[in-house]
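A short write-up of the structure that comes next.
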Amino acid sequence: MLRRLTTVCVFAIAAVIGGATPGLADPGTDTGHSSFQMVCEGDLRTLTVANGSWAAADIEETGAKFIPKATHFVVEDASGAILFAAHDVKKVAGKGSVATCVDEFELDGMRYLFVVEGTLRGSGAAGS
């Protein structure tokens, strides 16, 4: 669980504070990439993303490429009070079908919510 929290936090922080990088970079060819699971449009998906902010992610199950355009990271205590919130929006939105991926979990009485909005391109992407 700690590894999952670390992965989500690193991904969120990189996306929130970093500048835009090429949105169509192939994350599978970089030696510094990470894979993690998120719920995308109601289905559990495995995303592989290169190190770097705003990097595109390959979706293992469909072969589509997920190009992030906004991130939202919220930490709440047990009462629902927001302890931390960060939101970032990419200046240039990609073309393709719109998708939302979510990772949400509780740890030590705190709720962590990470939402990434983006577009899908390639195999398995509606309208591509």
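The values are calculated or read from the model by the stated rules, or taken from the named source; none is laboratory data. Keep in mind that this is a model prediction, so the values were computed, not measured. FYI the Cβ positions are ideal-geometry reconstructions off the backbone, even for glycines, and counts take in every protein chain you see.
So if I check each of ALA15, ALA25, which one is modelled with pLDDT under 50 and under 11 Å from the mean Cα position of the chain (by Cα)?
Values: ALA25 fails: under 11 Å from the mean Cα position of the chain (by Cα).
Testing whether each residue is modelled with pLDDT under 50 and under 11 Å from the mean Cα position of the chain (by Cα) leaves just ALA15.
Would you be able to tell me the number of residues in the range 54-70 that are in contact with a Lys or Arg (Cβ under 9 Å, 6 or more places away or on another chain) and closer than 19 Å to VAL89 by Cα?
Residues of the range 54-70 in contact with a Lys or Arg (Cβ under 9 Å, 6 or more places away or on another chain): 54, 56-62, 64-70.
Now drop any that are not closer than 19 Å to VAL89 by Cα, which leaves 54, 56-57, 65-70.
The number of residues fulfilling the criteria is 9.
How many of the residues in the range 87-126 are at pLDDT 90 or above, under 17 Å from LYS69 (Cα atoms) and either touching a helix residue (DSSP H, G or I) at 6+ places or on another chain (Cβ under 7 Å) or not in a strand (DSSP E or B) (or both)?
Residues flagged as at pLDDT 90 or above, under 17 Å from LYS69 (Cα atoms) and either touching a helix residue (DSSP H, G or I) at 6+ places or on another chain (Cβ under 7 Å) or not in a strand (DSSP E or B) (or both) within the range 87-126 amount to 3.
List every residue pair whose Cβ atoms sit under 6 Å apart, with the two residues 6 or more apart in sequence or on different chains, where the first one lies in the range 76-91 and is farther than 20 Å from VAL116 by Cβ and the second, anywhere, is surrounded by 11 or more Cβ atoms within 10 Å (Cβ to Cβ) and among the β-branched types (Val, Ile, Thr).
Pairs found: LEU83/VAL75.
Could you grab me the full set of residues in the range 59-73 that are surrounded by fewer than 16 Cβ atoms within 10 Å (Cβ to Cβ) and closer than 13 Å to GLY118 by Cα?
Initially, the range 59-73 is screened for residues surrounded by fewer than 16 Cβ atoms within 10 Å (Cβ to Cβ), giving 60-61, 63, 70.
Selection gives ALA70 alone.
Which residues, counting only those in the range 30-75, are among the hydroxyl-bearing types (Ser, Thr, Tyr) and either touching a residue at least 60 places away in the same chain (Cβ under 8 Å) or not in a strand (DSSP E or B) (or both)?
THR31, SER53, THR62, listed by residue number.
Please determine whether any residue of the range 28-35 is farther than 17 Å from THR119 by Cα, modelled with pLDDT of 80 or more, surrounded by 14 or more Cβ atoms within 10 Å (Cβ to Cβ) and among the hydroxyl-bearing types (Ser, Thr, Tyr). Walk me through it before giving the result.
From the range 28-35, those farther than 17 Å from THR119 by Cα are 28-35; that's our starting set.
This time we only want the ones that are modelled with pLDDT of 80 or more, so: 33-35.
With the extra rule that they be surrounded by 14 or more Cβ atoms within 10 Å (Cβ to Cβ), the set shrinks to 33-35.
Remaining after also requiring among the hydroxyl-bearing types (Ser, Thr, Tyr): 34-35.
Scanning the range 28-35 turns up at least one residue that is farther than 17 Å from THR119 by Cα, modelled with pLDDT of 80 or more, surrounded by 14 or more Cβ atoms within 10 Å (Cβ to Cβ) and among the hydroxyl-bearing types (Ser, Thr, Tyr).
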